[in-house]
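The values are calculated or read from the model by the stated rules, or taken from the named source; none is laboratory data. Everything quoted here is computed from the prediction, not taken from an experiment. In this analysis, Cβ positions are derived from the backbone assuming ideal geometry, glycine residues included, and neighbour counts consider all displayed protein chains.
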Amino acid sequence: MSKPVVAIVGRPNVGKSTLFNALAGEMISIVKDTPGVTRDRIYADVTWLDREFTIIDTGGIEPDSKDVILSQMREQAQIAIETADVIIFITDVRQGLVDADSKVADMLRRSGKPVVLVVNKVDNFEKYMPDVYEFYNLGIGDPVPVSAASRLGIGDMLETVAAYFPEGDASEEDDDRPRIAIVGKPNVGKSSIINRLMGENRVIVSDVAGTTRDAIDTEIVHDGREYIFIDTAGLRRKSKIKEELERYSIIRTVSAVERADVVLMVIDATEGVTEQDAKIAGIAHERGKGIIIVVNKWDAIEKNDRTMREYESQIRQVLSYMPYAEIMYVSAATGQRLNRLYDMIDMVIASQTLRVATGVLNEIMTEAVAMQQPPSDKGKRLKLYYITQVSVKPPSFVIFVNDKELMHFSYTRYLENKIREAFGFKGTSLKFFIRERK
Ligand code: GDP
Ligand code: GDP
């Protein structure tokens, strides 16, 4: 299921990071750290009541001169408009309304995106409320007073934000055309791959109706089946600052991956797999999306009979957290193997949506338990009662046991392997939830 994306925009020092941390730290559903992926806090998954969304902090750099601040804010706002479903525009009651706030508010209003105007640092409601009313002048709706530092008003703010979420993620969920995000570092060949795929097939390029974001999606018909490609390369932004470029590229990747069923993780064969690739692939892995690793520029390297195996072992090592991902070696320049991408995409989607009957799952679990005894601790042995699949995309399972503490991750991994041996589930991660039943 695709989760809404919420972006935070605001001047330096109004409290963006503080708000982000308050949301990410307390209400975040703790996702296990992905090995090899450094977690810079640009985005986080948040669960609030029964709603899940991804929050992104668009601002990182703090320029010193006033002109730079405004241009920087415009840039942030533009990124938010392009990638988010809802924008939190945060201001500071202590600094009051400043000119840059009004300019950015105008820009956000014209975009037509849902905006929640948040006034921060209202640590004392009685004292500061009179100053909050001034923010009505921005003309972007009712100001929501919060204190990010003391976590006041956050619940009301989230309620206002969540009211803008698409009902049950309506528009895109109704659309059963596969959505494929093409991600990867700059210059690995993302655009070339899309162009090549378009060149060989009947093509309609369109803004896909019903998307709440402004990304230009490309629809490609192959063998009578429609596929929507989400390109993260298309919207290129010029910036002199390297950290800023990297931040924007990550924000765009998060937003594209969020909307996708399958992610094509493009790697440049002439460079090999790098730590930055691991960071980008981690975004898709954490979100449980279908993944295909596409090694591009295969035409441009010297090859012998061992080359493919050498690439594979290097990729498996650097991207060790996703052994389930399929690897393809292609060339956008010559078109080599690109047509096989569609079969691979179909297969990964089948894996993502596969449902296994409870009876069959329990047979496999019983057999697995008979073959390898479950772990024990201090004389108490793990008992596995029952397994059932609770959802798809990614396929998720609940295992009922006598004592959660006894369920070592290596035993879960063992069961996962048994399930994969039986059903494949190629190209998708699997999730396991362990519950106790006395
Ligand atoms: P950013 O530059 O927008 O990310 O702002 P920060 O989150 O770094 O916060 C800037 C400063 O404002 C820091 O010194 C924070 O401690 C302070 N701050 C943030 N939220 C609040 C708040 O709710 N009340 C008060 N009094 N200070 C806050
Ligand atoms: P993007 O930034 O990931 O969209 O990368 P581009 O599609 O713009 O490609 C970057 C550069 O790599 C361009 O100069 C392309 O011509 C080149 N390129 C892309 N795919 C291939 C390929 O399969 N083989 C070779 N030799 N060059 C490629």
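Structure above, values below:
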item	result
Of all residues making up segment 358-396, the number that are within 27 Å of residue 3 (Cα to Cα) and not β-branched (Val, Ile, Thr)	6
Selection from segment 309-341 of residues that are surrounded by fewer than 14 Cβ atoms within 10 Å (Cβ to Cβ), within 16 Å of ligand 2 (Cβ to nearest atom) and outside any loop (DSSP other than H, G, I, E, B)	340
Residue tally, condition farther than 14 Å from residue 15 by Cβ, in contact with a helix residue (DSSP H, G or I) (Cβ under 9 Å, 6 or more places away or on another chain) and not small (Gly, Ala, Ser), over segment 86-109	10
Residue satisfying condition, being of a type outside the set (A, V, I, L, M), within 16 Å of ligand 2 (Cβ to nearest atom) and at pLDDT 90 or above, within set 153, 234, 184	184
Residue match in segment 417-428 (condition: under 30 Å from residue 189 (Cβ atoms), in contact with a helix residue (DSSP H, G or I) (Cβ under 8 Å, 6 or more places away or on another chain) and exposed (fewer than 14 other Cβ atoms within 10 Å of the Cβ))	no
Near pairs, Cβ below 6 angstrom, 6+ apart or cross-chain, from segment 394-420 (closer than 19 Å to residue 358 by Cβ) to any residue that is in a helix (DSSP H, G or I) and modelled with pLDDT of 95 or more	415/368; 418/364; 418/368
Matching residues in segment 314-347 - criterion: being of a type outside the set (Gly, Ala, Ser) and at positive phi	337
Residue tally, condition modelled with pLDDT under 85 and within 13 Å of ligand 1 (Cβ to nearest atom), over segment 13-31	2
Residues being β-branched (Val, Ile, Thr) and either in contact with a Ser or Thr (Cβ under 7 Å, 6 or more places away or on another chain) or within 16 Å of ligand 1 (Cβ to nearest atom) (or both) - total across segment 273-322	3
Residue in segment 165-174 that is under 30 Å from residue 289 (Cβ atoms) and not in a helix (DSSP H, G or I) present	yes
